[in-house]
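A.B. asks: Attaching a single structure in structure tokens format; questions to follow.
What follows draws every value from the coordinates through simple rules; no lab data is involved. Quick caveat, the model's predicted, so the values are computed rather than measured. As a convention, Cβ positions derive from the backbone with ideal geometry for all residues, glycine included, and neighbour counts pool all protein chains shown.
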DNA sequence: TCCAAAATTAACAATTTCTTAATATTTGTG
DNA sequence: CACAAATATTAAGAAATTGTTAATTTTGGA
């Protein structure tokens, strides 16, 4: 993951610079363009891994740019717009935008969305079903099982488990879990995660006070234990 | 790393001199400015590696300066301010400040933050796992192993070992270890590190009284022995 | 709109870790 | 070898983190 390239297109230089700053901080290489033609040129020549595209552009409309780029490649696009109507949203998504951010936006949130879109890129989507130990998570049917028996999870619980189960052994801190399970626009208390973890454990741990699947890493976060390991 | 340049901007001459003294001591070359216009001129002409910027300036507001500088470069900025409200903090960070210190501040802490910001600049992060001799440190899973067997470390112990293991053979003095493992806002006793090192040794040294991995350098600090060396 | 389920927050308890201080040991030096 | 300075060790109290419960707010559907 050595510095993916992100093309940021907006006619407002300040906006572009602000976004660039935040993306740089996340380790991305940032290309910029201030109008539609320049955006097209960059998209064709540099083949960025993702494009952040303002809907309102001088000369050529953002929707046209989006459509044109879409005809030439599958690069993910995050739309940026002042308008917030559902029609715009649908139009943008219909044209192949992967996400949608309305102005004024927090650069922090945009950066989170860029991370999210790029993260779910490689290999499109993972397998429909993942098994580890006695836990089975089926993303297609949105079901979870413990030793073959279905367990009923709330949406947040399902996402939490899903995120951790995809990378067994990896420690996720609360901020990471919030970003994945509660959404990057969540502004609340990060210990909310604790309660969801607690509820998850009650549903899937044989002995919730001695967790076998979801382990706490003191001072760091939580992780789903890789299968077979018991330490 | 030959003397990075830091621009310090504050209308109070004493403050500037105090900060300059501490930064000089750390080996930085320090430029100074007492008002907004001078700050802008310096920023444009000298291209410093980092700017310490007071929020309250005569003539031009610090936020305006910050915004203007941001339009012209990606130089990291540490905000300095008497106000401490969350809105100010957000405004500053939204404008691209990299860190925030509220007055009155300890010059020691400011210097530490300058080091921290400059350190995380080259960015990215190292490998997920590092091995030396019988020691393995996995940053992804937040685990450490001795000859393949997991050893359970506290957060501070893990950070300490992690820092040293990344640069085997390098001596770290107590202040450096405190900055990395306890945080640059730590105000406590120097010798706290000794206890953590002791506890680390108990967990990972086959014979803690004859350390093989974490060696004491009398009068200097500690180092993680490079693999294969035994002296 | 109203209800039920879910999510979030707040408060307090339980646990783990950190820090300090006091004492012992080791190291370097004249 | 003796002395001073630096480091090691121990144990206890302080601080931080997490677990848990319960009350409140929000959400989504009938």
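A.B. asks: Need one number: % antiparallel among DSSP beta bridges in the protein assembly as shown, to the nearest 5.
C.D. replies: Just about 50 percent of them are antiparallel.
A.B. asks: Under a point spin-label approximation (7 Å from Cα along Cα-to-Cβ), what is the residue A:166-residue A:140 distance to one decimal in nm?
C.D. replies: 1.8
A.B. asks: What is the order of B:223, A:223, fewest Cβ neighbours within 10 Å to most? Each step should come with its number before you reach the end.
C.D. replies: Working: B:223 18, A:223 22.
Ordered by Cβ neighbours within 10 Å, fewest first: B:223, A:223.
A.B. asks: Let a ≥ b ≥ c be the square roots of the eigenvalues of the Cα gyration tensor of chain A; is it rounded (a/c under 1.5), or, if not, prolate (a/b larger than b/c) or oblate? Each step should come with its number before you reach the end.
C.D. replies: Numbers: a/c = 2.41, a/b = 2.22, b/c = 1.09.
Prolate.
A.B. asks: So, one more: Computed FRET efficiency, Cβ-Cβ of residue A:152 and residue A:38, R0 45 Å: what is it to the nearest 0.05? Could the numbers behind the result be given before it?
C.D. replies: On the way: r = 52 Å, r/R0 = 1.16.
After rounding, the FRET efficiency stands at 0.30.
A.B. asks: Arrange the following residues from fewest to most other Cβ atoms within 10 Å of their Cβ: A:20, A:159.
C.D. replies: Working: A:20 22, A:159 17.
Going from sparsest to densest Cβ surroundings: A:159, A:20.
A.B. asks: Please order B:179, A:226, B:45 by the number of other Cβ within 10 Å, starting at the fewest. Write down the numbers at each step before the final one.
C.D. replies: Values: B:179 19, A:226 13, B:45 9.
Ordered by Cβ neighbours within 10 Å, fewest first: B:45, A:226, B:179.
A.B. asks: Another one. To check you understand DSSP bridge types, tell me what percent of the beta bridges within chain B (both residues inside) are antiparallel, rounded to 5.
C.D. replies: Values: 17 of 34 bridges.
Here the antiparallel bridges make up roughly 50 percent for chain B.
A.B. asks: So if each residue of separation counts as 0.36 nm, and I subtract the Cα-Cα distance between residue B:209 and residue B:119, what length gain in nm does that give?
C.D. replies: Stretched fully, the residue B:209-residue B:119 segment lengthens by 29.0 nm.
A.B. asks: Quickly estimate the mean residue ellipticity at 222 nm for the protein assembly as shown, helices only: each DSSP H run with n ≥ 4 gives -39500 (n - 2.57), and the total goes over all residues, rounded to 500. It would help to have the intermediate numbers written out before the result.
C.D. replies: Numbers: 16 runs with 176 residues, N = 462.
Dividing the helical sum by the residues of the protein assembly as shown leaves -11500 deg cm²/dmol.
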